[in-house]
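The block underneath contains the structure these notes are about, expressed in structure tokens.
The values are calculated or read from the model by the stated rules, or taken from the named source; none is laboratory data. Computed from a predicted structure; not experimentally measured. Glycine gets a Cβ as well: all are built from the backbone with ideal geometry, and neighbour counts include every protein chain shown.
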Amino acid sequence: MKPAAFSYHRAHDVADAIGLLGELAAVGAEPKLIAGGQSLIPMMNFRLARPTVLVDLGPLRRDPAMTAIRRDGSQLRIGALSTHRAVETAGGTLGPEFDVISRAMRWVGHLPIRSRGTVAGSVVHGDATAEWCLLALLLDAVIVAEGPNGQREIPAAEMFHGFYATAVEPDEVVVEVRFTRPAPRAALTEFARRHGDFAIVDAAVSLDAADADRLAGGRVVLGGVSPAPVRIPEAEAVLAGGVPGPDLFTECGEAAAAAIDPPDDAAGTGAYRRRLTRTLVARALHEAWEKGVTR
Ligand SMILES: Cc1cc2nc3c(=O)[nH]c(=O)nc-3n(C[C@H](O)[C@H](O)[C@H](O)COP(=O)(O)OP(=O)(O)OC[C@H]3O[C@@H](n4cnc5c(N)ncnc54)[C@H](O)[C@@H]3O)c2cc1C
């Protein structure tokens, strides 16, 4: 299928993009930003999105801030137009505190998709299984959005509202995503029917060690079990004060599975998703814990 008719503008910089969005909306058009196009174009081809004008952010790649990937103290700052592939290959820059992000990129589509798709496009699109959305919740990301009234910071906990619904307004341009919570013991794992497909369920976890034998706590984030990615407090409660190891990780997976009420759809039943959750959470916890073990 082909998209409905649309016209096309190229933005020169962030201010230009915001200006174009405002001017076009004021004359009754329905503009939409396009970055990598890896979600928007399929949505348009299926007629699930019908913008009348596309505002292309491509030329903004000339601005180094829009593609920068850098550590800033304890934070990791990623320019909005950084591609999945650029992050995947920036492992050393991320450091052990954030390398869960670069390792997770292998799960995102195929190489051509990772070479075009962007971090901001992914978090604004807000697919419930998108690895970036889970990582945003896991690592307390702050989404920096610029609009006609200046910049604002959206905490990840307030970003994902439901099916493809996020807190970014139609007249805003995301310029950066900042990850503020270092997590040296963290992992993301998932199950999809074919490699490169969106996950049926994905799980991102992190562990905080109190000492060698006991956990201070941990975080459990799931995708594919509700309209938006979610943290699972019932599973996190199991980790607090627990003794790390297979028994605890299995118990945590079971707590996560018991806490959710996933949907039935063409990709799988709710019961199947619950079984996947049990396995994936335990597997991710094991991987996260092993990361911190020196041999
Ligand atoms: C076959 C296939 C498999 C895929 N598999 C996966 C997968 O396994 N996991 C996964 O996470 N993704 C997957 N994707 C999607 C891919 O990761 C996209 O790159 C990503 O979801 C969107 O990034 P984009 O830059 O392409 O955004 P676009 O498609 O250009 O835009 C997506 C949305 O974000 C908005 N937007 C883009 N940039 C900005 C900005 N700077 N500020 C404000 N709004 C903005 C657009 O207006 C649009 O609403 C897959 C895609 C395909 C085609």
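Scanning region 185-195 for residues that are touching a Leu at 6+ places or on another chain (Cβ under 9 Å) and over 13 Å from Gly224 (Cβ atoms) yields Arg185, Ala186, Ala187. Within region 239-271, the set of residues being surrounded by fewer than 23 Cβ atoms within 10 Å (Cβ to Cβ), hydrophobic (A, V, I, L, M, F, W, C) and farther than 22 Å from Asp127 by Cβ comprises Ala240, Val243, Leu248, Ala255, Ala258, Ala271.
Of these, Val201, Val174, Val142, Val168, which one is under 13 Å from the mean Cα position of the chain (by Cα) and among the β-branched types (Val, Ile, Thr)?
When all the criteria are applied, what remains is Val142.
Screening Gly223, Gly241, Gly270, Gly218 for residues that are in contact with a Leu (Cβ under 8 Å, 6 or more places away or on another chain) and farther than 27 Å from Leu94 by Cβ leaves exactly one candidate, Gly241. Region 112-170 holds strands (runs of 3 or more DSSP E) entirely within its bounds, and those carrying 1 or more residues that are within 8 Å of the ligand (Cβ to nearest atom) and buried (at least 20 other Cβ atoms within 10 Å of the Cβ) map to 141-147.
Conditions (1) in contact with a Lys or Arg (Cβ under 6 Å, 6 or more places away or on another chain); (2) closer than 28 Å to Leu135 by Cβ; (3) surrounded by 14 or more Cβ atoms within 10 Å (Cβ to Cβ), marked per residue:
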site: Ser7; (1), (2), (3): no, no, no
site: Val27; (1), (2), (3): no, no, no
site: Phe46; (1), (2), (3): no, yes, no
site: Gly73; (1), (2), (3): no, yes, no
site: His84; (1), (2), (3): yes, yes, yes
site: Glu97; (1), (2), (3): no, yes, yes
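The condition of being in a helix (DSSP H, G or I) and of a type outside the set (Asp, Glu) holds for only one of Ala258, Ala209, that being Ala258. Gln38 satisfies every condition listed in (1) within 19 Å of the chain's Cα centre (by Cα); (2) free of Cβ contacts under 8 Å to residues at least 24 places away in the same chain except (2). Of (1) in a strand (DSSP E or B); (2) β-branched (Val, Ile, Thr); (3) buried (at least 24 other Cβ atoms within 10 Å of the Cβ), Val225 satisfies all except one. Which? Here Val225 meets the rest and fails (1).
Somewhere in region 102-111, is a residue touching a Lys or Arg at 6+ places or on another chain (Cβ under 9 Å), surrounded by fewer than 24 Cβ atoms within 10 Å (Cβ to Cβ), more than 16 Å from Ala284 (Cα to Cα) and assigned by TED's automatic domain parsing to the domain that holds Phe160? Yes, the conditions are met somewhere in region 102-111. The C-beta contact set for region 259-288 (first residue closer than 14 Å to Leu222 by Cβ and touching a residue at least 40 places away in the same chain (Cβ under 8 Å), second residue among the aromatic types (Phe, Trp, Tyr) and in a helix (DSSP H, G or I), distance under 9 angstrom, 6+ apart or interchain) comprises Pro262/Tyr272; Val281/Phe249; Arg283/Phe249; Ala284/Phe249; Leu285/Phe249. Scan region 222-242 and tell me whether some residue there is charged (D, E, K, R) and more than 25 Å from Pro155 (Cβ to Cβ). Within region 222-242 (the criterion being charged (D, E, K, R) and more than 25 Å from Pro155 (Cβ to Cβ)), the answer is no, since none of the residues qualifies.
Need a quick list: strands (runs of 3 or more DSSP E) entirely within region 21-86 having at least 1 residues that are assigned by TED's automatic domain parsing to the domain that holds Gly109 and within 13 Å of the ligand (Cβ to nearest atom). Those strands (runs of 3 or more DSSP E) span 75-79.
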